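Heads up, the thing below is written out as C-alpha cells.
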Amino acid sequence: MVLRVVSEQSEAEIRKQRVHDQLSRDLRRFAANFLRMTSGSGKPLELLPQLEKLSASIRDYHDAHDGALPASKVIHQILDGHEAKLEYRPWIKEISEAERQRWEADGTFDRQEAIAGLVRSGLRMVAAELVDQLTQHSVAESDFYEHLRKLDEAREKSRRIHNPKKR
C-alpha cells in the first residue's frame, strides 16, 4: 500500500507562504537590531548582513508574488510588536470572559494600551530626531504625554480596585 499526501495548497501558494514567513523573520530581526542600536545597544556589525538578507527576502517575495512587493499593510503587520507577540505566543490570546472583565474593571487593559502608546510615541520621537523633523517630533511628544496621562489614570483605577482604603 502506497500512501500519498495531497495538499489543498498549490506549490505557488506554499512558496508564497514560505517567502512571507522568511520576509517576516528577516524584517523583524533587522528592525529589532536597528531599534536596539538607536537605544545605544544592538549589533552595528550585523546591520549590513541583515540588510542583505532582508533585501534577498524582498526579492524572493517579489518573485513569488508575480512582481508585487509586500503591501504597506503587510509590512505594518509584520512590524507590529503586539501581533508578533501573539504569533510567537498564541496561548496568551486565550483569556476567559472573567479575566477580560476583571482586566477591564481594574485598568489592566487601559494600562497596556497606554504603555503601547508611550512606546509608539517614543519611537516616533526618535525617528523625527534622526531626520530633524521638528513638527513630527512635537506631535509625537504631545501623544507621549497624552499616553502618560492615560497611564496615570489606569494606575489610579487599579489602585482604587486593589487598595480601596489607601488614599
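The values are calculated or read from the model by the stated rules, or taken from the named source; none is laboratory data. Since we're looking at a predicted model, the values are computed, not measured. Every residue, glycine as well, gets a Cβ built from its backbone with ideal geometry; the counts of neighbours run over all protein chains shown. Surface accessibility is based on the protein's heavy atoms, side chains included, excluding ligands, DNA and RNA. Shrake-Rupley method; radii C 1.70, N 1.55, O 1.52, S 1.80 Å.
Here are a few things to note about the model shown:
- LEU54 being at pLDDT 95 or above, among the hydrophobic types (A, V, I, L, M, F, W, C) and open to solvent by 50 Å² or more (accessible area, probe 1.4 Å): no
- Hey, ASP132 within 25 Å of MET37 (Cα to Cα) and not in a helix (DSSP H, G or I) or not: yes
- Filtering the stretch 35-67 to residues that are in a helix (DSSP H, G or I), in contact with a helix residue (DSSP H, G or I) (Cβ under 7 Å, 6 or more places away or on another chain) and either on the phi > 0 side of the Ramachandran plot or not aliphatic (A, V, I, L, M) (or both) leaves THR38, PRO44, GLU46, GLN50, LYS53, SER57, ASP60, TYR61.
- Test result for LEU23, modelled with pLDDT of 95 or more, open to solvent by less than 50 Å² (accessible area, probe 1.4 Å), part of a helix (DSSP H, G or I) and under 21 Å from VAL126 (Cβ atoms): no
- Checked against (1) touching a residue at least 12 places away in the same chain (Cβ under 8 Å); (2) part of a helix (DSSP H, G or I), PRO70 meets all criteria but (2).
- Test set (1) touching a Ser or Thr at 6+ places or on another chain (Cβ under 9 Å); (2) open to solvent by 50 Å² or more (accessible area, probe 1.4 Å) - ILE78 fails condition number: (2)
- Any hit, the stretch 9-17, residues being modelled with pLDDT under 95, open to solvent by less than 70 Å² (accessible area, probe 1.4 Å) and not in a helix (DSSP H, G or I): yes
- Exclusive hit being within 19 Å of ARG160 (Cα to Cα) and under 16 Å from the mean Cα position of the chain (by Cα), set ALA105, ALA114, ALA84: ALA114
- Scanning the stretch 93-123 for residues that are open to solvent by 70 Å² or more (accessible area, probe 1.4 Å), farther than 15 Å from LEU148 by Cα and either assigned to a helix (DSSP H, G or I) or touching a residue at least 60 places away in the same chain (Cβ under 8 Å) (or both) yields LYS93, GLU97, ARG100, GLN101, ARG102, GLU104.
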